[in-house]
1. Highest first, please rank the peptides 265-275, 92-102, 47-57 by the mean number of other Cβ atoms sitting within 10 Å of their residues.
2. Which aspartates and glutamates have a Cα less than 14 Å from the Cα of Lys227, not counting those fewer than 8 places away in the same chain?
3. So if we plug the beta-carbon distance of Thr252 and Leu63 into 1/(1 + (r/R0)^6) with R0 = 45 Å, what FRET efficiency do we get, rounded to 0.05?
4. Roughly what would the spin-label model give for Asp266 and Ile101, points 7 Å off Cα along C-beta, in nm?
5. Quick one: putting +1 on the C-beta of Lys and Arg, -1 on the C-beta of Asp and Glu, what dipole do you get for the chain around its Cα centre, in Debye to the nearest 20?
6. As a check on your grasp of the helix formula, calculate [θ] at 222 nm for the chain: sum -39500 (n - 2.57) over DSSP H runs of n ≥ 4, divide by the residue count, round to the nearest 500.
7. From the Cα gyration tensor of region 36-137, with a ≥ b ≥ c the square roots of its eigenvalues, which class applies: rounded if a/c is under 1.5, or else prolate if a/b is larger than b/c, or else oblate?
8. Measure off 7 Å from each Cα along the Cα-to-Cβ vector at Phe162 and Arg141, then give the distance between these two points in nanometres to one decimal.
Amino acid sequence: MTDAADASSAPAAASAAAPATDKIHRLSPRDESRVALALTLRQLADAVLDAVPVEPDPEPGDLLRTALRLQRRVEDVVREAVVAERERGTTWYQIGEAAGITRQSAHEKWYGDVHAWAATGRSALPPHLKTLDVAAEADARYAALRPERPHAITSGLDAVRFPGSHAYEASLRTRGSALHTRRMDLDAQADKLNAEYSTLHAQGPAAPSAADGDPLTLLTAYRGHAKAVHANRLALATVHDEIATVYDQLVTAEPSLAEEHRTQADWHRNASEQTRAYADLLRH
């Protein structure tokens, strides 16, 4: 994703083509992903210029190392492009077709990047930066090379093309943000339950007081351990169900990523069923 340090050089005023940004920090996810891609491409362009060999006798391997660093930056651009495509409604089939691979291969290759983008707020910039200001700074950099396009980046943003759309997008973002906060709380609960389960598993059913080998004492210890594991797994299954419900709600709050959210909802429901089935075994 875009380096925060690179974006922090944005000026306080936006481009003349952009609306006032006094209260606008975040744009629509579609606009945010487009700006993120533009900034990553700018970073790549700077890196390409820096990679031009100017030293007459570089150290052995330096030229290759530089080229490999560029290759990694190109891969960053590709990931950003996939995110931007998903935010603008491009299907996984269309992405696979553009990449010359199958839909399934495209999904397996880049789904994690799209999911990470959604999970971290669908913006590549720190909260204190205004996206339109950062985009305007990118406009200036672009215009220095191509003066005929003074607003190259901002002119393609929905916030500029359709100024009235921001309120609607802000309402969706507010709802999505609240749902992601709820999801993160549930993730923390799941992590805690799994940590407790690991402790139960490591300790085993036999308490130190059962070391005398008394069968009744051992049986009580085993039953107590099984009961604790059963309660833990049932609690985790419930958390998985709640997370699945959150992803169901994200389908409408973040419609461009509906497919990703449905995938996560299905995964958590399946995890709930498997965890609950395991818990049921402990009752017998």
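Each value in this text was obtained by applying a stated rule to the coordinates, not by laboratory testing. All values reported here derive from a predicted model rather than from experimental measurement. Don't worry about glycine lacking a Cβ; one is built from the backbone with ideal geometry, like all the others, and counts go over all protein chains shown.
1. Order by mean packing, descending: 265-275, 92-102, 47-57.
2. Cross-link targets: Glu196, Asp280.
3. Working: r = 51 Å, r/R0 = 1.14.
Calculated value: 0.30.
4. It works out to 1.9 nm between the two label points.
5. 720
6. Per the formula, -24000 deg cm²/dmol.
7. Cα axes put region 36-137 in the oblate bin.
8. Label at Phe162, label at Arg141, 2.8 nm between them.
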